[in-house]
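Undergrad: I'd like to ask some things about the structure below.
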Amino acid sequence: MARQKAKASPAQAARELAWVRIKNHPALYHLAYCLAARSPEPTPGDGGPWARLAFGGKPTQMWFQIRVNPARLAAPEEWEWVFAHLLLHLGLNHYDPATTGRLARDTEHFQAACGEANSLLAALRVGRAPSELTGLGAAGMDEDILGPILDWGDRYNLRYSREHSDALATGLANAVHRAVKQAAGVEEDQSGKVKHSWDRAMSWFISSYPLLGGLAAGFKIVADADLCSRCDISIAAVDPALAEIYVNPRAPLGQYEWRFVLAHEMLHAALRHGERAMGRDPYLWNIAADYVINGWLVEMEVGELPFGLLHDLELQGLSVEAVYDRIANDLRRLRKLATLRGKGLGDILGEPLPGAGENRRGIDLDEFYRRALTSGLTYHDSAHRGLIPAGLREAIQVLDQPPMAWDVALARWFEDHVRSPEPIRSYGHPSRRQASAPDIPRPGRYYPEGMELTCTFGVVLDTSGSMSGKLLGKALGAIAAYARAKDVHSARLVYCDAAPHDAGYVPVESIVDKVTVTGRGGTVLQLAIRFLERTPDFPADGPILIITDGWCDNLTVKREHAYLIPAKGKLPFPPHGPVFRVV
C-alpha cells in the first residue's frame, strides 16, 4: 500500500503559506529565488527563537538558506515578515564580510542592519511584525545571520553582493511599476498581458457573479479609443448581434464603475431591448431601458453607479414599457439626457460600427442569451448570492417562455373584453322532447331580441392608401374567427381615411368583403373613434379594435381598446391599450 503523505502541522502550514506569499510578492520574489529551491527548513537545536539566514560553502559555490524554529507557532503574516526581513539582509548586503564583517560580533552594526531592513519592510507593507520582535531582527536579540564570516576576497564579495542587490533592485522596480499601473487602472496577468479595469471587472463576473457569469464569458470587450471617437461613444455601447461591448479607454472610471457599466450593457443585449422596441422611438426606448436596468443594478449593488447615469427612484419596479409610456410625453427634455454612449445617442447598436468585427456567433442569438441568463439565475439562487429584483427575475423567466403569437394574444383580448350572448331558458319556448323521456317537458333556449347589439365590438379601419392589403386580410380574418368562436354575429364597422365612413353592423363572416382601400393617405382616425363613442346604437362599454399602419393622427380613446399594426410599424403616440403586431 502506498505510503500516505503526512499531514502538515498548523505551524508548518502557516510557514508554507507565508513562503508562497513571499515568492509572489513583486519586490521580493527575485530574492526568494536566490535561495535554495526548497522552502525554509526547520533546524532543531539551532537555538534561534524565530529564524535565521544561514550560508556556507566555498566562494565559488555558495548556498543560502533560511532556517526556522519548528516549535514556533505563529500566524502566516508574522512568518511573512520574518522571511522578508531575512531576505532584505541579502539584498542590502548585510552578510558581506567586506562591509559587515563585525555583524556577528558588533551589536551596533547588528542593530543598524536590522533597523535598515525594518524601515524598508514598513515601506513595502509586507506581513506583520511579531510583537516580541518590534524594533529587532528575525532572531530577536540574537544574530540573524549564521555561518562563518570569512574574508574571501574582493572578487567574491563583488560577485555575490551584486547578484543579491540586483535582485532587490529589480524587485523594487517591478513593485513600483505595478503600483503605477494599478493607480492608472491597469494590471498585468502572469503572462505579462496588460489587464485593464474593464478586463478585471469582466473577470469578476465570470469568477464571482453567477447570474451574469455565463453572459460575460460569451462577450468580447473592444477597447479602441479611435473607434469610440469616430462613433461618439463616451463610455460604452453594445452590439447584441456581435456580442461585443465597446468601451472607451479614455473614460475615467474605476473597476467598480466598470462592473456597473458592463452589467448594464450585457443586460441590454440579453433582454433583447433592441428588438423589443417594436416600432417605438429607439432613443426614448433606450432611455426607458436605462432607467430600469440602472435601478436593478443599484438595488443589487453590482459595482458603483457612474456619475451622471440615469436613475430615478420614482420609476423603481416599473417595466420598460411602462417607463416608456410615462416619459414619452416630454420629448424636449429627454433628448438632452445621455446614455452610456452620450447625449441623444442610444447605447444599443442596431447596426455594426464601421471598422468593428464581424459576427462571431455560431448559434442562435436568442438561444445564447436565453440559456446564459436562465442558467445564471439558477446558479445565483442555488448559491444564495443575494437579492434579484422582482422585475429582473420576471424578465429572465419570460425569456424562458416562447413568445405569445399576436393572434393568440388577440384571442385572449377577445376573451377578456368582448361579451358572448347568453341564452335564456324558458318554458314559453319549449325544447324538443327527448326520445328517452317524451312525457317530460323541458325549457327551450333562445336569445332575447336586441341582445346581439349589446354583445358586439367596434372596428375602426384605416383604409388609406398606405395600408397593406396583407395586413388587412390577416387582421380581419383573425377578428372574424374569434368573433364566431364567441358567438358574436356582427361587429360595428367604421372605416376611415380623411373622413369616417360608417358601414353599420356587419356580419363577421363577411367583414373582409366589406373593406376596400379607398383613401389617399392623411388618415384622421380620431373622427371615427369619436363617432363610435357617441353613436346611440353602439354599447357604452363596447370595446374598439383599431387597425392601422401607424401613419395616423394622435388618438384619444375613452373606452377599452386595442391596436393591430404591422410588425415593424409604430404609433406616433404612447398607446394606452394593448398593441398587437401582425406578423
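Since every read-out is calculated from the coordinates, none of them should be taken as a lab result. For clarity, every value in this text was computed on a predicted model and none was experimentally measured.
Undergrad: If you plug each phi of region 69-79 into the Karplus form 6.51 cos²θ - 1.76 cosθ + 1.60 with θ = phi - 60°, what whole-Hz ³J(HN,Hα) values come out, in order, with x for Gly and Pro?
TA: 8, x, 7, 7, 9, 8, 6, x, 5, 6, 5
Undergrad: Can you list residues from other chains, or at least 5 along the same chain, whose modelled amide H is less than 5 Å from the amide H of residue 222?
TA: 245, 246, 247
Undergrad: If amide hydrogens are placed 1.01 Å from N in the peptide plane, which non-local residues have theirs closer than 5 Å to the one on residue 344?
TA: 337, 339
Undergrad: Right, another one. Distance check, please: which entries in 195/220; 486/568; 220/568 exceed 19 angstrom between their Cα atoms?
TA: Correct reply: 486/568; 220/568.
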